[in-house]
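The values are calculated or read from the model by the stated rules, or taken from the named source; none is laboratory data. Values in this document were obtained by computation on a predicted structure and should not be read as measured data. We place every Cβ from the backbone using ideal geometry, glycine too, and count neighbours over all the protein chains shown. Accessible surface is based on the protein model in full, side chains and every heavy atom, while ligands, DNA and RNA are left aside. Shrake-Rupley method; radii C 1.70, N 1.55, O 1.52, S 1.80 Å.
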Amino acid sequence: MTTPPPGPRRGALALLASTQLLLIMDTAIVNVALPSVGEDLGSGSSGLSWVANAYLITFGGLLLLGGRVADLLGHRRVFLGGLGLLAVASAAGGLAPGADALVAARAAQGVGAALAAAAAFALLLLLFPDGPARHRALGAFAAMGGLGGVLGTVLGGVLTDLLGWRATFWLNVLLAAVLAAGAVRILAPRTGAVLRGGFDLAGALTATAGLGLVAHALVGGAEAGWLSARTLGAAGAGLALLLAFAAVETRAAAPLVPPAVLARPALRPANVLAALAQTTLFPMFFLVSLYLQSVLGYAPLGGGLGLLPLSLVVVAVAPQTGRIIFRLGLHRTMTLGFVLLCAGTAWLALALTPDGDFASTVLAPSLLLGAALPLVVVTTNVAATAEATPEETGLASGLVNTSQQFGSVLGLAVLVAVATTRTGDTGRTGDTSGTGHTARTGATDAARAAAETAGFRAALLTGAAFAALAALLSVRLHLPRRATAAEDRVPDPY
């Protein structure tokens with residue numbers, strides 16, 4: 001496939017980065033609307049959790065398959081199909097008469113999001129060859145992803161307050177339709193149709209079912225209990241199917257993931273690092289917003305706006321990531337990003353107090369985290385995809401997206417469990433002084449705030465430990481020659 005001239009590439013990058021913004025925003029916007037959903041549909045906390053979880057499970061389980069399908073059928077075609085399914089499923093969510101219908105719509109949204117995300121990332125790899133131009137394009141992706149989380153929180157609060165929770169789903173319909181129309185106009189009809197050959201049905205079934213069951217175990221473990229029969233059963237079945245998938249791939253004529261691809265020295269550690277980055281980053285957004293609301297007393301909209309300075313730093317630093325890589329090298333930039341991520345998360349954890357305010361607790365460390373986010377996201381994506389050939393772009397996209405998604409789900413499950421355990425241990429102390437009701441109420445509120453703060457602090461310190469592990473692993477990463485050679489080229493002035 002020939003590389004289009006700079007003008008069309010800019011339009012394509014804006015389209016694909018906007019898709020990333022939509023998919024990240026969709027997760028945040030629905031989370032904000034969940035309390036209103038429960039009140040309107042009469043759903044309990046268990047049902048509400050699956051409004052979020054159904055999306056995460058299908059999204060995480062189908063990314064790998066979606067990337068390979070895009071290689072076979074054409075990336076533009078799968079991209080448009082994913083956006084179309086996302087729009088239809090969002091409309092079904094907006095019309096859902098009950099909680100069960102809404103959960104089904106969210107699962108279908110996850111399928112559409114997986115197809116669109118895998119194809120969009122593969123299109124970016126095809127349109128921007130390995131080197132400075134790709135680094136800048138990945139920086140734009142990181143910037144839009146960081147912005148999407150805040151916009152989702154803000155728009156979720158505004159739309160839910162003004163028009164009701166169903167408006168959040170109809171916004172998805174509108175935005176997906178606009179992006180699909182842009183894709184028809186900007187992307188050439190044959191963009192990304194590069195692979196010919198058979199389809200590994202057995203590998204597709206075992207991989208998708210295995211990843212879906214592992215995701216089910218991760219997102220449901222905190223609710224049902226990590227040692228519950230349901231969680232252990234789902235995890236065991238998922239791991240068994242993934243082992244079956246590994247066996248199938250060694251015998252398939254056209255494997256979903258060719259063993260030779262997995263044997264590449266940089267691919268596996270780069271995907272592990274991509275997962276570790278999200279293990280720290282994704283739950284950090286959730287924990288900070290929760291701290292601002294439950295401890296400092298911010299409204300949901302204020303909790304989202306508290307993340308705005310971080311996102312503005314991401315938007316400012318992400319476009320410069322390519323230049324930083326050019327000056328320091330990919331390897332050093334990656335390690336620097338993880339060191340900043342570890343330092344920022346630890347600083348944030350230690351700064352939290354039960355009686356503080358946003359400026360004294362969250363603001364300064366969040367700015368450091370805003371600088372770290374694009375460095376780790378861009379460099380891990382570059383390392384994970386640098387060895388991909390044109391016919392493997394969908395596969396590379398599916399692998400790194402799956403790693404990031406499962407890192408997010410695992411991090412959220414582990415860090416929330418740490419926070420809950422720590423809060424429970426700390427919160428057992430009470431007021432035994434025998435003072436009046438008002439004093440007891442004040443002491444109880446203070447004890448609750450202190451206990452919750454201790455839980456958030458423990459969770460964030462756990463996230464900092466994950467980032468420290470990633471920093472150590474990044475030092476030992478052996479990058480492919482193509483990635484290191486690209487650093488020595490004159491930056492592409494596109």
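Checked against the criterion of being part of a helix (DSSP H, G or I), open to solvent by 30 Å² or more (accessible area, probe 1.4 Å) and at pLDDT 85 or above, the range 427-441 contains not a single residue that satisfies it.
Taking the stated definitions as given, is Val103 more than 30 Å from Ala383 (Cβ to Cβ), in a helix (DSSP H, G or I) and out of contact with any Leu (no Cβ under 9 Å at 6 or more places or on another chain)? Before the answer, list the steps.
Values: more than 30 Å from Ala383 (Cβ to Cβ): yes; in a helix (DSSP H, G or I): yes; out of contact with any Leu (no Cβ under 9 Å at 6 or more places or on another chain): yes.
Spelling it out, Val103 is indeed more than 30 Å from Ala383 (Cβ to Cβ), in a helix (DSSP H, G or I) and out of contact with any Leu (no Cβ under 9 Å at 6 or more places or on another chain).
For Arg489, are the conditions met, namely being more than 28 Å from Phe282 (Cβ to Cβ) and at pLDDT below 60? It is true that Arg489 is more than 28 Å from Phe282 (Cβ to Cβ) and at pLDDT below 60.
For Leu307, indicate whether it is over 24 Å from Leu21 (Cα atoms), touching a residue at least 40 places away in the same chain (Cβ under 8 Å), out of contact with any Pro (no Cβ under 8 Å at 6 or more places or on another chain) and not hydroxyl-bearing (Ser, Thr, Tyr). Talk me through it step by step, then tell me what you get.
Details: over 24 Å from Leu21 (Cα atoms): no; touching a residue at least 40 places away in the same chain (Cβ under 8 Å): yes; out of contact with any Pro (no Cβ under 8 Å at 6 or more places or on another chain): yes; not hydroxyl-bearing (Ser, Thr, Tyr): yes.
Answer is no for this residue.
Looking at the range 259-288 only, could you name the residues that are open to solvent by 10 Å² or more (accessible area, probe 1.4 Å) and within 22 Å of Ala247 (Cα to Cα)? Within the range 259-288, Pro259, Ala260, Leu262, Ala263, Arg264, Pro265, Leu267, Arg268, Pro269, Asn271, Val272 qualify. Checked against the criterion of being touching a residue at least 40 places away in the same chain (Cβ under 8 Å) and surrounded by fewer than 19 Cβ atoms within 10 Å (Cβ to Cβ), the candidates Thr345, Thr353 yield just one match: Thr353.
Which one of these is within 27 Å of Ala413 (Cβ to Cβ), assigned to a helix (DSSP H, G or I) and modelled with pLDDT under 85: Ala204, Ala277?
On the way: Ala277 fails: modelled with pLDDT under 85.
After applying the criteria, what remains is Ala204.
For Gln293, the conditions (1) assigned to a helix (DSSP H, G or I); (2) under 25 Å from Asp200 (Cβ atoms); (3) open to solvent by 10 Å² or more (accessible area, probe 1.4 Å) all hold with the exception of (2).
Conditions tested, residue by residue: (1) buried (at least 24 other Cβ atoms within 10 Å of the Cβ); (2) under 19 Å from the mean Cα position of the chain (by Cα).
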position	(1), (2)
Ala107	no, yes
Gly112	yes, yes
Ala120	yes, yes
Leu123	yes, yes
Thr160	no, no
Arg166	no, no
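So that you can scan it fast, the table gives a plain yes or no per residue for (1) farther than 20 Å from Leu21 by Cβ; (2) out of contact with any Phe, Trp or Tyr (no Cβ under 6 Å at 6 or more places or on another chain):
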site: His75; (1), (2): no, yes
site: Ala87; (1), (2): no, yes
site: Leu95; (1), (2): yes, yes
site: Ala101; (1), (2): yes, yes
site: Ala113; (1), (2): no, no
site: Ala118; (1), (2): no, yes
site: Ala122; (1), (2): no, yes
site: Ala133; (1), (2): yes, no
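For every residue, the table says whether it meets (1) within 30 Å of Asp445 (Cβ to Cβ); (2) at pLDDT 90 or above; (3) crowded, with 22+ Cβ neighbours inside 10 Å.
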{"site": "Leu336", "(1), (2), (3)": "no, yes, no"}
{"site": "Val362", "(1), (2), (3)": "yes, yes, yes"}
{"site": "Pro365", "(1), (2), (3)": "yes, yes, yes"}
{"site": "Leu373", "(1), (2), (3)": "no, yes, yes"}
{"site": "Thr379", "(1), (2), (3)": "no, yes, yes"}
{"site": "Asn401", "(1), (2), (3)": "no, no, yes"}
{"site": "Ser408", "(1), (2), (3)": "no, no, yes"}
{"site": "Val414", "(1), (2), (3)": "yes, no, no"}
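Give me the pairs, please: first residue somewhere in the range 396-407 and over 17 Å from Pro255 (Cβ atoms), second residue anywhere and open to solvent by 30 Å² or more (accessible area, probe 1.4 Å), beta-carbon distance under 7 Å, and either six or more positions apart or on two chains. Within 7 Å, the pairs are Gln404/Gln278; Gly407/Gln278.
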